Every structure is written in structure tokens, then in C-alpha cells.
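To start, the structure under review is shown below, and the notes come after it.
The values are calculated or read from the model by the stated rules, or taken from the named source; none is laboratory data. Worth saying up front: this structure is predicted, and the values here are computed from it rather than measured. We place every Cβ from the backbone using ideal geometry, glycine too, and count neighbours over all the protein chains shown. Side chains are part of the model used for accessible areas, which takes the heavy atoms of the whole protein and leaves out ligands, DNA and RNA. Shrake-Rupley method; radii C 1.70, N 1.55, O 1.52, S 1.80 Å.
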Amino acid sequence: MTAPIATMNSGDKQRETLAILVGGGPAPGINGVIASATIEAIKCGLRVVGLRDGYRWLVEGDSGHVVELKIEEVSRIHFTGGSILRTSRTNPARDEASLGRVIDALTALGVRYLICIGGDDTTYGAARIAERTRGRIGIVTVPKTIDNDLPLPENAATFGYETARTIGAGIIESLMEDARTTSRWYLTISMGRKSGSLALGMCKSAGATLAVIPEEFRGKKFDLALVVDIIVGAIIKRRASGHDDGVAVIAEGIAERMDVGTLASAAGSHADAYGHVHIADIPLGIVLRDQVGAALKQLGIDATVVAKDIGYELRCAKPLPFDVDYTRTLGYGAVRHLLSGGSGVLIAIAGGRVTPVNFEQLLDPDTGRIRVRTVDVSTESYQVARSYMIRLELQDFEEPALSRLAEHAKLSAAAFKARFLPSVRATTDGS
């Protein structure tokens, strides 16, 4: 798969070319889309090429990092993790000159159709290319992200999410047993820049003690102290029930919603090609571990708190049959839509049918970027997850619960209420 593209012979010149690229972070199932799209395209008489490293080389006007894809080479890759074409976060629309070079490189390769596999940023780049080429290059995107944050019809999951949730839940189950065995607390940081979907899904599936996601905070910005008090409050409530262990799952996206001044190292973080803060540079788990530990010590509570990140080990995992099945339909649907004359859409599945969504429908009118789907905390799905969590709720500030919890925190009832009620009010409709 690393060999350069072969020179076209006279027969190749009569065949239209479909190109495939992958952008953004990896997700289980990428190879399923590549395989399905390649097989269907070749069966329909197209020539298929893979563009390595997403938009990385195209933005330089470089059309040399390309491989020709054949059925025999892709027919058994659908159950493997990773991406045979690799991936990158290069932004093809960072400026007009870059966008022009991308289009020139695609034109030099004779690309008639382009399938972009990626999330919101990759889709935004594809939308800009489609806008500039005006149908000369048929372009579709296939929704890929373990964050599950693209606005798909019928609230369908993005591919890769189900595999990531399953494997992540298994890791959390092991941490729960370790926590019980060693009498400690794990603060598990989950991937999810804009959406807490993965964190909530893993927590709910594994039965972790609690999840903390950005969507539950009603204010646009909030202080790190609120998150610390939510976790400390959960530890106190769990101890009051006779248990000194637990696992909290925290979505990394809370870092973007916090006031920068409350994250000691956030100022030193770098932005990626799309202008996002590189959350991986923010040691959120360590910051929370230290501040939760300090808060517990101040209350005279002896507890071992450990930080654990879950994310990178999920992205290139072997996909579940669900994602294998899902991606094969997506790849097939992408090719079929292009050959029917369609372009400028995201390929989704609703009710078992391929359902294209126009790029214009995905754009946020205020930002001009692709809309992000977040967790709707008003749904029964979220309420069920929340009801099974062990964390302070409004009813815990009524007697006799209040005095019992305050005793475990070595505080008076009034002091306990003054300390912890604000963190509960910040995540509920209570006043």
C-alpha cells in the first residue's frame, strides 16, 4: 500500500477516477469504508486511488503521495483497525491559497469523485472544496468520530463510536474492580472535545460511579472548582454508603468550557490546524487529581485518587461487527450517490437507508462551521444515566440526608450546604 501510483495506460485514461482520503483522528471502521467504497467503485468501472495522510500533501500542491487501490488489496481490511491511508488534521481551507493548491492537485490527478472520511473539520474542508469546484469534482463525506458529535439524521451514531464505547466500558469495568480491590478512586478522562457522548456512554454501560460532561453545566464558562466539588461530593456520598472506592468518567471537553485561568497549564497549550486548543496538552486528569486530593485533605478525608486517560487506545481498535456492517453500507452508499450525480453531501443512514445530508444543512449559521451534536440532558437517556450515578443531588441537601453527609465531611450542615450546593445547582434546573 505504500507504492506510488502506477502510470496510467490508455485504458486507464478512459476510466473516471475516484479518490479517497481520511482526515482527523482515527476511529474503528475507517478501513471498512475504504474497502467497501473501493470494491463498489471498481465494480462500477471506476479507477480508485487513495490519498495518503488526508489533506496534508494536497495543501502543498503535492499529488505524489497516492496509491492505487485494488479489490484484492482491500477485500479483507474491513475488520482491521487504523487507516491504510493514514490520516492527518491538515486544514485544506485554512486560506484561499491552500484551498487552490488542493483543487489543483486533485485536478492534476484527474480526480472526478472524492470521498472524504472524517468528522466536523474534515467535512468543513470538503464543503469548501465542493463550493469551489461547483460539481466538477463530485464530493461526499462519510461521518467518522468516536466522539459521536456529528448531527446525523434520527440521532444515528457516527461510525467508530460503538466500538470505542464498548472497549472503553471494558477498561472502566477493570478500573472499577481495581478501585474496589485497592480502596481507591480513579478519575478517568475520556476523549470528547465538544460532546460528552463517549464519556456518558462508557459510564452508563459500565456502571461507573459518575460521569461529568460539559453539557450538564448551564453556564457557557465555569470554574474548575465546580468540577472538583462534584467529584469530592460524590466521594463523600459514596463513603456515607459504606464504600471508599469509585470511578469518575470526565469528558475532556470540560477543559474548553472552563475559564482558562482555572487550568494551570492551559496557557501553554498549542492550537491545531483548525484553531482548536490541543486538549491532549492539558493534563486535566493530573490537575483534577491534585485539586481533588487537596480538597479531601482539607476536609480530613484520607483517600487515594489516581488519574487515568482513556482515548488513544480506542481509536485504532479492531471494529465491532456493528461498525463493520455500518461502514460497508456507508462506503457503498457514498459511491452510489456520487455515480447518481450527487455531490456536496454527508452520507448517513436512517431507517436502514442511505440518507444524504447537504453540507448546507450541517453548517452553523453563526460560525459558518459544521454544527456539533452534543448530549441532550433533557432526554430520558441522560436522566437514566444520571439517576444511576452516585453524586450529590438537590434532595441530598434536605434532612436527614444533609446532616449525615455533613458528618462524613466533618462539616456542619450549614457549612456543607454552602460548600457543595453551588456545584449541584450549576448542573441542574434547581434554584
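Sorting 289-300, 337-348 by average packing, meaning the other beta carbons within 10 Å per residue, from highest down gives 337-348, 289-300.
Length available on full extension from residue 43 to residue 75: 0.36 nm per residue minus the Cα-Cα distance, which gives 10.2 nm. In the chain, the calculated helix contribution to ellipticity at 222 nm averages -12000 deg cm²/dmol per residue, counting -39,500 (n - 2.57) for every DSSP H run with n ≥ 4.
Only Cα pairs under 8 Å and 6+ residues apart enter the sum, and on that basis the relative contact order of segment 115-229 stands at 20 percent.
The calculated FRET efficiency for the pair residue 131 and residue 371, based on their C-beta separation and a Förster distance of 22 Å, comes to about 0.85. Between segment 356-431 and segment 212-234, the C-alpha centres lie 8 angstrom from each other. Each peptide in 306-318, 111-123, 208-220 receives the mean, over its residues, of other Cβ atoms within 10 Å, and ordering these scores from highest gives 111-123, 208-220, 306-318.
The residue among 100, 375, 123 whose Cα reaches farthest toward the positive pole of the charge dipole of the chain, with charges on the beta-carbon of Lys, Arg, Asp and Glu, is 100.
Remark: segment 93-166 carries 32 Å² of accessible area per residue (probe radius 1.4 Å; ligands, DNA and RNA excluded).
Solvent-accessible area assigned to carbon and sulfur over segment 119-218 amounts to 42 percent, based on a 1.4 Å probe.
Placing +1 on the Cβ of every Lys and Arg and -1 on the Cβ of every Asp and Glu, with no other charges, gives segment 317-409 a dipole of roughly 720 debye about its Cα centre. Translational diffusion coefficient of segment 336-401 (Stokes-Einstein, Kirkwood radius from Cα pairs, 25 °C, 0.890 mPa s): 152 µm²/s. The slack between residue 383 and residue 361, meaning 0.36 nm per residue of separation minus the straight C-alpha distance, is 5.0 nm.
Compare the Cα positions of 405, 312, 392 along the charge dipole of segment 305-429 (+1 at Cβ of Lys, Arg; -1 at Cβ of Asp, Glu; about the Cα centre) and return the one farthest towards the positive end. Value computed over the given set: 312. Could you tell me which of rounded, prolate or oblate describes segment 280-334, using a ≥ b ≥ c as the square roots of the eigenvalues of the alpha-carbon gyration tensor, with rounded for a/c under 1.5 and, failing that, prolate when a/b is larger than b/c and oblate otherwise? Note, shape of segment 280-334 comes out prolate.
Normalised by the number of residues in segment 323-422, the mean separation of alpha-carbon contacts (under 8 Å, six or more apart) gives a relative contact order of 11 percent. Ligands, DNA and RNA left out, the accessible area of segment 278-352 computed with a 1.4 Å probe is 53% carbon and sulfur.
Residue pairs exceeding 19 angstrom between C-alpha atoms, taken from 144/194; 204/410; 237/417; 220/308; 144/204: 204/410; 220/308; 144/204.
Decide, for segment 61-150, between rounded, prolate and oblate: order the square roots of the alpha carbon gyration tensor eigenvalues as a ≥ b ≥ c, take rounded if a/c falls under 1.5, and otherwise choose prolate if a/b is larger than b/c, else oblate. Note, shape of segment 61-150 comes out oblate. Peptides 99-107, 183-191 ordered by packing proxy, namely the average of other Cβ atoms within 10 Å per residue, highest first: 183-191, 99-107.
Express the relative contact order of the chain as a whole percentage, based on alpha carbon pairs under 8 Å and six or more residues apart in sequence.
Averaging sequence separation for qualifying contacts and normalising by length gives 21 percent for the chain.
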